[in-house]
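Enquirer: Mind having a look at this structure? Questions to follow.
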Amino acid sequence: MTIDRKQAPEFRAIDNINLLRPAHQALDNGCNVFCFNSGDQELVRIEWIFANQRFNPEKPLLNVAVNTMLTEGTNSMTQAQISDKVDFYGAFLQVDYGYDNSLVTLYSLNKHLQHTLPVIKDILTDSIFPEKELATYIRNQQQKLQVSLQKNDFVARRAFNKALYGDTAYGLGADAGTFKTLKRDDMLAHFKQMYQPSNCTIIISGKIEPEILELITDTFDKSWTNPDIKPDATQPEIKSSTEHFYFTEKPEALQSAIRMGLPVINRTHPDFPALQVLNTVLGGYFGSRLMANIREDKGYTYGIGSGMSSLKHAGAMFIATEVGADVCKAAIAEIEKEINLLKSDLIPEDELSLVRNYMLGSLLGSLENVFSHADKFKNLYFAGLDYDYYDRYVETVKTISAERLKELANVYLDFDGFYKVIVGKY
């Protein structure tokens, strides 16, 4: 069959999106296991996900430091030995810290799991955070922070988070001295409280044959027990700042970083999918209004965007950009103008149709493999939601009216109530 390249491909609307759903198994030690069995490759991704422990302002870095240093050594293996063993079997191991949860992730060929799983078991039960490696970690983090503080966008993001989230993990802005609060004994105690099976969710995705699942569950069930100390995943109350404007002057700056926004709902609220549509119109994709105005028309910036963050205990809508230092005030005025237009005028149907197709296409495009389906499940599971969330999301994107979006803009987009952070010149 010859393809006529002068003829555009047929346009097809996206009717629905089918998501893989996991099998669930609860281990005797309290650990929940979810399995996404799909694919032909003899490969699995296993994630051990732990709820972060209660944030302590006097020891604010424990969650992130303990997670980052899990692979720095155990009583039986050094950091180098851990790396060598994982590499030898062609596996990949990484640790990731998030505001609400910390992850240990292993990618491994099925045939080598009998060798790679014991490494993870050792890390999760016997990490020792050696003093030498801790000193190196502190020194490296202080140096990275020193470099990052020279970047206006980094400074603006920190100030914005601090204003919105105060003295919580979400608002943490460490300085060089903060890293000196890290003590090995505190890290060991934190590790024992947090990294236990009753505080763990295991998510397995890939080609999961029965013997593979049995190997994983046997490794992390009976011989992995809970200590007497109970994990505490509660968090302090969030108290946003009463001050809404922050300006850090940098006289030599060629560009000013702007970050503004306000606390809003998170994924658990019924309005969240609709607010995502409104956010996309405003600044959520390359054809957005903020891009069309401030980049394409005015030429104030190379890029500007808006986004929404959904955390376990908070949510926010924000706008971020870096503009020429001499046009900072003008750029903010244009941002305000675009927000006010959403509150006063209906979005034209052709623009709304473009946004609908973009959002549905992005969702469909994000489901490229079984790992992607597992990632979508995590968004639901840790927010306490079910799969009907994505049904509601798709239906909202497909059917929401311009009138409803205008209502939402008037409810949620109060520009006078925005927290506004500027670093550079103003």
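Enquirer: Among rounded, prolate and oblate, which fits the stretch 89-203 when a ≥ b ≥ c are the square roots of the eigenvalues of its C-alpha gyration tensor, a/c under 1.5 means rounded, and a/b larger than b/c means prolate?
Expert: Working: a/c = 1.89, a/b = 1.77, b/c = 1.06.
Prolate, since a/c reaches 1.5 and a/b exceeds b/c.
Enquirer: Calculate, for the stretch 337-426, the solvent-accessible area per residue in square angstrom, rolling a 1.4 angstrom probe over the heavy atoms of the protein chains.
Expert: Working: 4190 Å² over 90 residues.
Value returned for the stretch 337-426: 47 Å² of accessible area per residue.
Enquirer: Per residue, how much accessible surface does the stretch 215-286 expose to a 1.4 Å probe? Answer in Å², no decimals. Intermediate results must be reported in sequence, preceding the final value.
Expert: Values: 3790 Å² over 72 residues.
Roughly 53 Å² per residue, with all protein chains present.
Enquirer: Rounded to the nearest 20 Debye, what is the dipole magnitude of the stretch 285-426 about its Cα centre when Lys and Arg each give +1 and Asp and Glu each give -1 at the C-beta?
Expert: Values: 16 positive and 21 negative charges, 75 e Å.
I would put it at about 360 debye.
Enquirer: Hey, any idea what the orientation-averaged projected area of the convex hull of the stretch 310-368's Cα atoms comes to, in nm²?
Expert: On the way: hull surface 27.7 nm².
The orientation-averaged projected area of the Cα hull of the stretch 310-368 comes to 6.9 nm².
Enquirer: Whenever you get a sec, compute what percent of the accessible area on the stretch 147-188 sits on carbon and sulfur atoms (1.4 Å probe).
Expert: Values: 980 of 1950 Å².
So the carbon and sulfur contribution to the accessible surface is 50 percent.
Enquirer: Right, something else. For the pair V147 and S38, what calculated FRET efficiency results from E = 1/(1 + (r/R0)^6), where r is the Cβ-Cβ distance and R0 = 56 Å, to the nearest 0.05? Intermediate results must be reported in sequence, preceding the final value.
Expert: Working: r = 42 Å, r/R0 = 0.75.
My answer for the efficiency is 0.85.
Enquirer: Moving to a separate point now. Leaving out ligands, DNA and RNA, and with a 1.4 Å probe, what % of the accessible surface on the stretch 282-377 is carbon or sulfur? Walk me through the numbers on the way to the answer.
Expert: Numbers: 2180 of 4130 Å².
After summing per-atom areas, the C and S share lands at 53 percent.
Enquirer: Translational diffusion coefficient, Stokes-Einstein: compute it for the stretch 131-286 using the Kirkwood radius over C-alpha pairs as Rh, at 4 °C and 1.567 mPa s, and state it as an integer in µm² s⁻¹.
Expert: Values: Rh = 20.5 Å.
Result for D is 63 µm²/s.
Enquirer: Within the stretch 52-152, report the chymotrypsin sites (Phe, Trp or Tyr not before Pro) that DSSP leaves as loop and that have at most 10 other Cβ atoms within 10 Å. Present the calculation step by step, with values, prior to reporting the outcome.
Expert: Details: sites: F55, F88, Y89, F92, Y97, Y99, Y107, Y137; in loops: F55, Y89, Y99.
Sparse-neighbourhood loop chymotrypsin sites (Phe, Trp or Tyr not before Pro): none present.
Enquirer: Whole number in Å², please: accessible area per residue of the stretch 165-210, 1.4 Å probe, ligands, DNA and RNA not counted. Don't skip to the answer; put the middle values down first.
Expert: Details: 1650 Å² over 46 residues.
With all protein chains present, the stretch 165-210 gives 36 Å² per residue.
Enquirer: Now for a separate question. Could you give the dipole magnitude of the stretch 27-79 about its Cα centre, charging the beta-carbon of Lys and Arg +1 and that of Asp and Glu -1, in debye to the nearest 20? Intermediate values should be presented prior to the final figure.
Expert: Values: 3 positive and 6 negative charges, 56 e Å.
The dipole magnitude comes to about 280 debye.
Enquirer: Rounded, prolate or oblate: which fits the stretch 13-91 when a ≥ b ≥ c are the square roots of the eigenvalues of the alpha-carbon gyration tensor, with rounded for a/c under 1.5 and prolate only if a/b beats b/c?
Expert: Details: a/c = 2.09, a/b = 1.37, b/c = 1.53.
Taking the square roots of the gyration eigenvalues as a ≥ b ≥ c, the stretch 13-91 is oblate.
Enquirer: Still on this model: So, with a 1.4 angstrom probe, what is the percent of accessible area on the stretch 199-245 that is carbon and sulfur?
Expert: Carbon and sulfur atoms account for 52 percent of the accessible area of the stretch 199-245.
Enquirer: Between Q81 and E58, how many nm apart are label points set 7 Å from Cα along the C-beta direction?
Expert: For the pair Q81/E58, the computed spacing is 3.7 nm.
Enquirer: Check each of the GluC sites (Glu not before Pro) in the stretch 16-120 and keep only those in coil by DSSP with at most 10 other C-beta atoms within 10 angstrom; list them in order.
Expert: E58
Enquirer: Trypsin sites (Lys or Arg not before Pro), restricted to the stretch 250-302: which are DSSP loop and have at most 13 other Cβ atoms within 10 Å?
Expert: Values: sites: R259, R267, R289, R295, K298; in loops: R267, K298.
Passing sites in the stretch 250-302 do not exist.
Enquirer: Still on this structure, please answer the following. Given 4 °C and 1.567 mPa s, how large is the Stokes-Einstein diffusion coefficient of the chain in µm²/s, with Rh as the Kirkwood radius over Cα pairs? All intermediate terms of the calculation are to be shown ahead of the outcome.
Expert: Details: Rh = 24.1 Å.
It comes out at roughly 54 µm²/s.
Enquirer: Probe radius 1.4 Å, ligands and nucleic acids left out: which of H244, H190 has the largest accessible area, and how do the rest follow?
Expert: Numbers: H244 65, H190 15 Å².
So the residues, ranked largest to smallest area, are H244, H190.
Enquirer: Using only Cα atoms, locate the centre of the stretch 158-191 and the centre of the stretch 329-405, then give the distance between them in Å, rounded to an integer.
Expert: So the two Cα centres are separated by 32 Å.
Enquirer: Given axes a ≥ b ≥ c from the Cα gyration tensor, I'd like to know whether the stretch 236-348 is rounded (a/c under 1.5), prolate (a/b larger than b/c) or oblate. Numbers along the way, then the final one.
Expert: On the way: a/c = 2.18, a/b = 1.22, b/c = 1.78.
It comes out oblate by the Cα gyration axes.
The values are calculated or read from the model by the stated rules, or taken from the named source; none is laboratory data. Worth saying up front: this structure is predicted, and the values here are computed from it rather than measured. When we count neighbours, we look across all protein chains shown, and the Cβ atoms used for this are built from the backbone with ideal geometry, even at glycine. The area values use the complete protein model at the heavy-atom level, side chains included, leaving out ligands, DNA and RNA. Shrake-Rupley method; radii C 1.70, N 1.55, O 1.52, S 1.80 Å.
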